[in-house]
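*Asks:* Starting off with a structure, shown below.
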Amino acid sequence: MAQTAERENDVIRGLRRSPAGHLADAFSQGSVSGEQGVTLREVPFLTMIGVRAAPGSAVWDRLGAVMGGLPERYGQVTGSGAGDGPGTEQGVSVLWLGPQEFLVIAADGPNALGGGAAGASLLGGLLDALAGDPGQVVDLSANRTTFELAGPSARAVLEKSCALDLHPREFTVGTAVNTQIGLIPAVLWKVDEAAFRIFPRASFADFLGRWLLDGMREYAAVEVP
C-alpha cells in the first residue's frame, strides 16, 4: 500500500510545472561565468511553510524544538539549513518575516525532517507542535518559487532595482528580509558572499525572471522569447 502511494506521489511530482520553468533556457543563455559573471536559475518545488507564533509562548517553544529554534530579530535565519550556500537545498531554514511571522524552507518531498519525529513530515511535525494553541502553520509551497542569483555581479544586478543597502557590511551572509525588486514584493536571502535566494510569489515569477535577465544583459546579452 505504501509503495503504491509513493508511486502515485512520483507521478504527481512528474506532472508539476514550476512558475518559471518556461524561462529555464533563457536563464541558462543569460548566465555567464568569469570575473564579472552572474548566473540565474530557478530552484523549483521547495517546501515552504508559513508559521506564526508569539515569542515566549508555549507554541513558540514547541515549534522551535521541531526546527532547532525560531529567529528572534529582523533578518535572522535559523535552522539546520541556515548556512547552506548556492546550489544546495538541504536542511530546514527558518526566515524572519516579522515579530511573529516566519517562512520555513526545506527540500522538496514529504519527509523534509529526514525521517525525524517518527517519520512525520515537516508540515505534520509543525502541526503537531501547534497542538491547537494560538498560532498558525500553513503550507505555502505553491505560493512562491525560488530564484538563485549568483556570481561576482549578482549584487550589482540586484542594486539596479532593489532599494536595500546590499553592501556586505550591511547585508551580511545569512540575512533574509522582505523587500521589493523591480517593484515586485519578494523575500531576499543572502546565502553566500556572491549568492542570493529570491522568493517571489508564483504569479510574479515570469515578470521578475525577465526583469532580472534584463539586468544581466550588460554581462551576457540574451533575447527572451
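*Asks:* When you go through Leu166, Leu188, Leu213 one by one, which is the residue that is over 17 Å from the mean Cα position of the chain (by Cα) and under 16 Å from Glu42 (Cα atoms)? Write out each step before concluding.
*Replies:* On the way: Leu166 fails: under 16 Å from Glu42 (Cα atoms); Leu188 fails: over 17 Å from the mean Cα position of the chain (by Cα).
When all the criteria are applied, what remains is Leu213.
*Asks:* Go through the range 75-94 and give me each residue that's on the phi < 0 side of the Ramachandran plot, modelled with pLDDT of 95 or more and assigned to a loop (DSSP other than H, G, I, E, B).
*Replies:* Of everything in the range 75-94, just one residue is on the phi < 0 side of the Ramachandran plot, modelled with pLDDT of 95 or more and assigned to a loop (DSSP other than H, G, I, E, B), namely Gln76.
*Asks:* Taking only pairs six or more apart or across chains, which ones have beta-carbon atoms under 7 Å, a first residue in the range 62-78 that is without any contact (Cβ under 8 Å) to a residue 60 or more places away in the chain, and a second residue that is assigned to a helix (DSSP H, G or I)?
*Replies:* Final answer for the pair search is Leu70/Trp60; Leu70/Leu63; Leu70/Gly64.
Each row is one residue, and each column tells you yes or no for (1) under 25 Å from Tyr219 (Cα atoms); (2) at pLDDT 95 or above; (3) outside any strand (DSSP E or B).
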| position | (1), (2), (3) |
| --- | --- |
| Arg7 | no, no, yes |
| Asp10 | no, no, yes |
| Arg17 | no, no, yes |
| His22 | yes, yes, yes |
| Gln29 | yes, no, yes |
| Glu35 | yes, no, yes |
| Thr39 | yes, yes, no |
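The values are calculated or read from the model by the stated rules, or taken from the named source; none is laboratory data. Since the model is a prediction, treat every value here as computed from it, not as a measurement. For neighbour counting, all protein chains shown are included, and Cβ atoms are generated from backbone atoms with ideal geometry for every residue, glycine included.
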